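Encoded as structure tokens, the structure appears first; notes follow it.
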Amino acid sequence: MQQLRLRPERQRLLLLLTDGKPNDLDHYEGRFGLEDTRHAVQAARQAGLHPFCITIDEQARDYLPHMYGPAHYIIVDDVRKLPLKITDIYRRLTT
């Protein structure tokens, strides 16, 4: 994150690709992973970055708004459709 903060560009996008909820089988699951990620997203925003999440997890509607906010994520129902969604994602991020 520090390296992105030092970049001279006006907009710095932090794009996260995921298959589902954050968890660590050895340390935590559920609420802890969600809260840790939410705090990391907030820290990135405070550092001037724009975090955006792309996921294939159909249950993500239940937890991504809490982590990223209502307009900072997209759910792709089929990973093969991702190239087709890139234009929509770019449009959402630049308007």
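The values are calculated or read from the model by the stated rules, or taken from the named source; none is laboratory data. This one's a predicted model, so the numbers in the text were calculated from it and none came from an experiment. Positions of Cβ are generated from backbone atoms using ideal geometry, with glycine treated the same way; all protein chains shown enter the neighbour counts. For the accessible areas, the whole protein counts, side chains as well, though only heavy atoms, and no ligand, DNA or RNA atoms are used. Shrake-Rupley method; radii C 1.70, N 1.55, O 1.52, S 1.80 Å.
Looking at A71, A47, A60, A43 in this structure, which one is open to solvent by less than 80 Å² (accessible area, probe 1.4 Å), at pLDDT 90 or above and out of contact with any Gly (no Cβ under 9 Å at 6 or more places or on another chain)? Write out each step before concluding.
Details: A71 fails: at pLDDT 90 or above; A47 fails: at pLDDT 90 or above; A60 fails: out of contact with any Gly (no Cβ under 9 Å at 6 or more places or on another chain).
Answer to the check: A43.
Are there any pairs, at least 6 apart or on different chains, whose C-beta atoms fall under 6 Å, with the first in segment 54-79 and more than 17 Å from A44 (Cα to Cα) and the second of a type in the set (S, T, Y) and not in a helix (DSSP H, G or I), and if so, which?
That search, which allows pairs on different chains as well, returns T55/T18; I75/T55.
For segment 17-40, which residues satisfy the criterion of being open to solvent by less than 60 Å² (accessible area, probe 1.4 Å) and either in contact with a strand residue (DSSP E or B) (Cβ under 6 Å, 6 or more places away or on another chain) or modelled with pLDDT under 75 (or both)?
Of everything in segment 17-40, those that are open to solvent by less than 60 Å² (accessible area, probe 1.4 Å) and either in contact with a strand residue (DSSP E or B) (Cβ under 6 Å, 6 or more places away or on another chain) or modelled with pLDDT under 75 (or both) turn out to be T18, D24, G30.
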